[in-house]
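Here the structure comes first, spelled out in C-alpha cells, and everything after it is commentary.
The values are calculated or read from the model by the stated rules, or taken from the named source; none is laboratory data. Values in this document were obtained by computation on a predicted structure and should not be read as measured data. Glycine also receives a Cβ, built like all others from the backbone with ideal geometry; neighbour counts cover every protein chain displayed. Side chains are part of the model used for accessible areas, which takes the heavy atoms of the whole protein and leaves out ligands, DNA and RNA. Shrake-Rupley method; radii C 1.70, N 1.55, O 1.52, S 1.80 Å.
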Amino acid sequence: MGERKKSVVRLFAAATLLFAVSAYRQLSMRYWPEDFLQPYLVWAVYMLLLFGWQHTITTKIMQKSMRSHLTAQNIVSILYLTVRFVQDAFLYTDIPWMRFTGYFINIAAVFIPLFGLYGAFYLGKAEDYRIDKKWYLLLIPACFLSVMALTNDLHHFLYYIVPEEPQPNLYFHPYIGTYLIYLWGLWMIGHQVYVIYQRNGTTKSDPLYRKMIPFYEPILLFLFSIPYAATAYVVRFELVEYSAGLIFILVLCWELYILTGLIPVNTQYEEVFRRSTVAMQILSPTGERIAVSENAADLTPVILESLKQNQHFSVMEDVIMHLHQIPGGYMVWQTDLSQIHQALREIQRLNAELEEKQDLLAQEIRIQSDETSIQVRNDIYDSLSSDVAGQLFLLTAILSKESLSTDDWNRICLIGTYIKRFCNLRLTYQEQQTIPMGDLAISLQDMAKCMKNLEIRTSLDFCPTSNLAPELILLIMKTLETILEDADFRLTSMAIRISDTVCFEITGTDHEFIPRFLEGGYRLQAEKVPAGYRLMLLKEGEVVQS
C-alpha cells in the first residue's frame, strides 16, 4: 500500500475512533452517570489522537519552523483538552473552579488560530524559509487577551455578571472581550485562508477538491458550529464534543495539506532510494542494509571497513563510493565519474588541437609578418631606388669607362656619398617622421669634403634660425646634387648657406641656370652674378631681394 493510501486509512481510523469515543461519552453521561472511567477513557483517546498528530508533525514535516508552530498549536490543544478532563473528572461539583477553568477556552481560541496562521505561511516554501518577524508582534495582543480572560473575575472584560443571578454559577454572559476574541479568531482564519490560497498554485485543469483546499477549514468549522450556535451552545446530544471536533477539523485540514503536496514531507523514502541515480544506501551500525537503491553495489566487509576509515572507496576507475555517518548508522552513495572523465579527455583532446592550431596560427602570423616586413622593406628600397635612379645611372655610366681617372673616382665618391646620405635621411624620415638638423649638417659636411676632392672650393655656413621641415631637408640635398650634375661637377667654388634661407653661390661654370619650380611647392631662384650664379631655394610666392 502506498504512503498516500496509508495516510487516508489513518485519517479514517482516527475519525472512527473519535466518533466511537464520543458516542461512548454520550451514552455514559445519559445512561451510566456513575461510570467514573468515562472522563479518563475519553481523555486518553484524545491524547492518543493528538500525540499521533504530533508524531506526524515530527517525522513528516521537514520545515523546522513549521514543525515548531504546529507543535505549539498541538500543545495548546493538549493543554485545553486536559483542562476539560480535569473539569469532568474532578471539578464537576466545584462551581467556582469550574467557572475559573472555563476561562481557558479563551486561551485556546486565541492561540490555536494564531499558531495555525504562522504555520500556513510555510506552505509551499523551502525548508530554510522564515516569516517576517513583524508577525510575531501578534503575540502581544494574544497574551493580553489571555491574561484578561484568566483575570476576568477582577474586571469582567470578557463576561459580565447579572446582579440578580445567584452566584457562583456557570452562566457566562459575553461582553466586549469575548467579541474581540471572536473577531480575532475570524481574522486569523480569514488571513490563513488568504495565505493558503496564495500558496495553493492551482491551474484550470486541477480538480475541484484541489481548488477548494484554502476553504476547507472555514467551511468545516462553520458547518460543525451550526447546531451549537442554533442552541446557544447548550446541547443535549452531540456526535463529537465541540472542542474536540474543532481541534480534529484543524488537524484534518493540515493532513489534507500534506496529502495534496502543499507541505513537503519526509515520505516516499523507499521510492526515493529505489530511483536514486547515486545508488544510495542506509546502513545500520553493524553494516546491515536498511534502505537500498536498485542500482547500488554490494558492500563487502573489506569495502565497508575501507569506507569507515577513508570515507571513500574506488570501486573502479569511474565509480567512487562515499560514506557519511548519520545518527544510528551510515549513509553510503556512489559517484559515477565516467562522464566527467570523458569530458576531461575531450577537453584534453580539444586543448591539444587548440595548441596545434595556435602554433600553426603563430607560424602563419610570423610568416605574414615577415612577408609584410620584406614587402615594406622592398617598397622602401624601390622608393629609394626611384629617388636616386639618376645617380645610379650616372655611376653606371662612369664605371663603364675602360679606364677611370682620378677625377672619375672623385666623382664616384661624391655621387656615392650623396646616395648614402640622402638614403639615410629618407629612412630616418620614414621611421621617425622627422629629420634631426644635425643629420643634415653631417650630410652637407660629407658632400663638401667630396667636392673639395674635385678641386671645388667649398664653404658651409650652417646656422638655421629654426628647425627645417623634413621635406625641405631632402629637397636641399636633391638641389645640391642637381646643381653639381648640371655643372658636370666642373665648378671653381660653391658657398652653401643655410640660415633663414637656403642659398648656393657657385662660380666657374659655363652651364646656364634658369629659375624653375621644384616639388613640394618650392622653386629654385637663379640670379646671375659677376663670377657665376646665386641659387636660392624658396617657397612659391616668397621673394628675397638681392
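Annotations
- Identity of the residue in segment 366-378, of a type in the set (A, V, I, L, M, F, W, C) and open to solvent by less than 90 Å² (accessible area, probe 1.4 Å), that ends up modelled with the lowest pLDDT: 376
- Note on segment 433-479: residues that are open to solvent by less than 50 Å² (accessible area, probe 1.4 Å), out of contact with any strand residue (DSSP E or B) (no Cβ under 6 Å at 6 or more places or on another chain), under 14 Å from residue 493 (Cα atoms) and not in a loop (DSSP other than H, G, I, E, B) amount to 2.
- Residues of segment 129-174 that turn out to be of a type in the set (Val, Ile, Thr) and not in a helix (DSSP H, G or I), as a count: 4
- Per-region count, segment 480-507, residues β-branched (Val, Ile, Thr), within 15 Å of residue 526 (Cβ to Cβ), open to solvent by 10 Å² or more (accessible area, probe 1.4 Å) and not in a strand (DSSP E or B): 2
- Of all residues making up segment 306-331, the number that are outside any strand (DSSP E or B) and at pLDDT 80 or above: 6
- Summed over segment 207-218, the residues that are part of a helix (DSSP H, G or I) and under 20 Å from residue 248 (Cα atoms) give a count of 7.
- Number of positions in segment 55-81 that are in a helix (DSSP H, G or I) and open to solvent by 40 Å² or more (accessible area, probe 1.4 Å): 8
- Residue, modelled with the lowest pLDDT, within segment 400-418, restricted to residues that are among the hydrophobic types (A, V, I, L, M, F, W, C) and open to solvent by 30 Å² or more (accessible area, probe 1.4 Å): 404
- Of residues in segment 508-546 being more than 22 Å from residue 447 (Cα to Cα) and among the small types (Gly, Ala, Ser), the one most open to solvent (accessible area, probe 1.4 Å): 546
- Look at segment 482-498: where a residue is free of Cβ contacts under 8 Å to residues at least 60 places away in the same chain and over 17 Å from residue 444 (Cβ atoms) and a partner is of a type outside the set (A, V, I, L, M, F, W, C) and open to solvent by 60 Å² or more (accessible area, probe 1.4 Å), sitting 6+ places away or on another chain with Cβ atoms under 6 Å, you get 486/511; 487/511.
- Within segment 508-524, restricting attention to residues that are of a type outside the set (Ser, Thr, Tyr) and not in a loop (DSSP other than H, G, I, E, B), the residue that is modelled with the lowest pLDDT is 520.
- Residue in segment 148-185 that is farthest from the chain's Cα centre (by Cα), counting only those that are within 15 Å of residue 101 (Cβ to Cβ) and buried (at least 17 other Cβ atoms within 10 Å of the Cβ): 172
- For the residues 204, 125, the requirement of being open to solvent by less than 80 Å² (accessible area, probe 1.4 Å), out of contact with any Pro (no Cβ under 6 Å at 6 or more places or on another chain) and either part of a loop (DSSP other than H, G, I, E, B) or of a type in the set (Lys, Arg) (or both) singles out 125.
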